[in-house]
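Take a look at the structure below.
Derivation of every value follows stated rules applied to the coordinates shown; laboratory data play no part. In this text the structure is predicted, and so the values were computed from the model without any measurement. Cβ: placed from backbone, ideal geometry, glycine included. Neighbour counts: every protein chain shown.
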Amino acid sequence: MDLATAIEQFFGDVQTAAQTIAPLIAVIGFIGLGVMYMGSSWPLVGDWKKDNPKAANQVVMGLLFVIFASSVTTLITFQ
């Protein structure tokens with residue numbers, strides 16, 4: 001196997017892994033975001049949210065990054 005084939009195969013494997021993992025991470029993130037918003041009435045979640053006021057914004061930014069990265073890997077094709 002020459003170097004070009006090995007590099008192409010490596011990036012193909014990375015693309016496949018990213019396309020598999022990204023939607024799973026997005027689903028987990030949306031569930032976590034829902035728990036953060038809807039679970040504020042629970043003392044444990046409410047106290048944690050009070051101690052971490054920027055957490056929801058960070059989760060949303062992370063989800064946007066995951067969706068963007070997933071879209072980019074979808075657009076990449078190797079021939």
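Brief remarks on what is shown
- Near pairs, Cβ below 6 angstrom, 6+ apart or cross-chain, from region 23-43 (not basic (Lys, Arg)) to any residue that is not in a helix (DSSP H, G or I): none
- Screening Ile31 on (1) under 27 Å from Thr73 (Cβ atoms); (2) aliphatic (A, V, I, L, M); (3) surrounded by 13 or more Cβ atoms within 10 Å (Cβ to Cβ) shows it passes everything except condition (3).
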